[in-house]
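*Asks:* This structure is in structure tokens; I'll ask about it shortly.
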Amino acid sequence: MGINKVILVGNVGRDVEFRATQSGQNLAKFSLATTDRRFKDENGNPRTEWHNIVAWGKLAEICDRYVTKGKLLYIEGQIRTRTYEQDGQKKYFTEINMEQMEMLGSKSSGGGAPSGDYGAVAQNFPDDADDVPF
């Protein structure tokens, strides 16, 4: 038995990139920053991790409509690592396939849109998902 579950709370780092795959499946991509203020870097700044987030189907449409840079989000999903070749070298790319999302904060602090459990939307990962490099 194995479990692949990720829970993140962080701020959106860039506006959503939205498109449809060749098979017609909606896809949304954006980055999310999680900051741990307990740990500092060499300059005394809080340690920040950046996560590549991917949403499919109806959840991707919701992201396209409501998610913008700076919004505070709660995200649940699964870690996926893909590989690709660049200049003859194998590269690895880690992303979070989002299954649920909730917008946090007030409208003035970037929460903005209707709050709720958008994870009830079924997530289908199409066969051509590998053709979606960030």
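*Asks:* Any chance you could count how many residues in the range 100-115 are modelled with pLDDT of 90 or more and closer than 15 Å to Asp64 by Cα? If you could, list the steps in order and put the result at the bottom.
*Replies:* To start, the set of residues in the range 100-115 that are modelled with pLDDT of 90 or more comprises 100-104.
Narrowing the set further to residues that are closer than 15 Å to Asp64 by Cα leaves 100-103.
Residues flagged as modelled with pLDDT of 90 or more and closer than 15 Å to Asp64 by Cα within the range 100-115 amount to 4.
*Asks:* Here's another thing I want to ask about it. It is to be established whether one or more residues within the range 10-22 are part of a strand (DSSP E or B), aliphatic (A, V, I, L, M) and within 21 Å of Gln78 (Cβ to Cβ). Spell out the reasoning first.
*Replies:* So the first thing to find is which residues in the range 10-22 are part of a strand (DSSP E or B), and the list is 10-12, 17-20.
Now drop any that are not aliphatic (A, V, I, L, M), which leaves 12, 20.
Checking the rest, the ones that are also within 21 Å of Gln78 (Cβ to Cβ) come to 12.
Yes, some residue in the range 10-22 is part of a strand (DSSP E or B), aliphatic (A, V, I, L, M) and within 21 Å of Gln78 (Cβ to Cβ).
*Asks:* Could we say that Thr94 is of a type outside the set (A, V, I, L, M, F, W, C), surrounded by fewer than 16 Cβ atoms within 10 Å (Cβ to Cβ) and within 14 Å of Leu8 (Cβ to Cβ) here? Please lay out each step first, then the result.
*Replies:* Values: of a type outside the set (A, V, I, L, M, F, W, C): yes; surrounded by fewer than 16 Cβ atoms within 10 Å (Cβ to Cβ): yes; within 14 Å of Leu8 (Cβ to Cβ): yes.
Yes: the conditions hold for Thr94.
*Asks:* Residues that are surrounded by 19 or more Cβ atoms within 10 Å (Cβ to Cβ), of a type in the set (Lys, Arg) and in contact with an Asp or Glu (Cβ under 9 Å, 6 or more places away or on another chain): does the range 9-30 have at least one?
*Replies:* yes
*Asks:* Report yes if Gly119 is of a type in the set (Gly, Ala, Ser) and either assigned to a loop (DSSP other than H, G, I, E, B) or modelled with pLDDT of 90 or more (or both), otherwise no.
*Replies:* Values: of a type in the set (Gly, Ala, Ser): yes; either assigned to a loop (DSSP other than H, G, I, E, B) or modelled with pLDDT of 90 or more (or both): no.
Considered against the rule, which asks whether it is of a type in the set (Gly, Ala, Ser) and either assigned to a loop (DSSP other than H, G, I, E, B) or modelled with pLDDT of 90 or more (or both), Gly119 comes out as no.
*Asks:* If you check Ile53 against the conditions, is it touching a residue at least 24 places away in the same chain (Cβ under 8 Å), assigned to a strand (DSSP E or B), out of contact with any Lys or Arg (no Cβ under 9 Å at 6 or more places or on another chain) and under 14 Å from Val16 (Cβ atoms)?
*Replies:* Details: touching a residue at least 24 places away in the same chain (Cβ under 8 Å): yes; assigned to a strand (DSSP E or B): yes; out of contact with any Lys or Arg (no Cβ under 9 Å at 6 or more places or on another chain): no; under 14 Å from Val16 (Cβ atoms): yes.
It is false that Ile53 is touching a residue at least 24 places away in the same chain (Cβ under 8 Å), assigned to a strand (DSSP E or B), out of contact with any Lys or Arg (no Cβ under 9 Å at 6 or more places or on another chain) and under 14 Å from Val16 (Cβ atoms).
*Asks:* Taking Arg65, is it of a type in the set (Lys, Arg), exposed (fewer than 14 other Cβ atoms within 10 Å of the Cβ) and either touching a strand residue (DSSP E or B) at 6+ places or on another chain (Cβ under 8 Å) or in a strand (DSSP E or B) (or both)?
*Replies:* Details: of a type in the set (Lys, Arg): yes; exposed (fewer than 14 other Cβ atoms within 10 Å of the Cβ): yes; either touching a strand residue (DSSP E or B) at 6+ places or on another chain (Cβ under 8 Å) or in a strand (DSSP E or B) (or both): no.
Taking the combined requirement at face value, the residue does not satisfy it.
The values are calculated or read from the model by the stated rules, or taken from the named source; none is laboratory data. Being a predicted model, the structure only gives us computed values, none of them experimental. Heads up, the Cβs are rebuilt from the backbone with ideal geometry, glycines too, and the neighbour counts pull from every protein chain shown.
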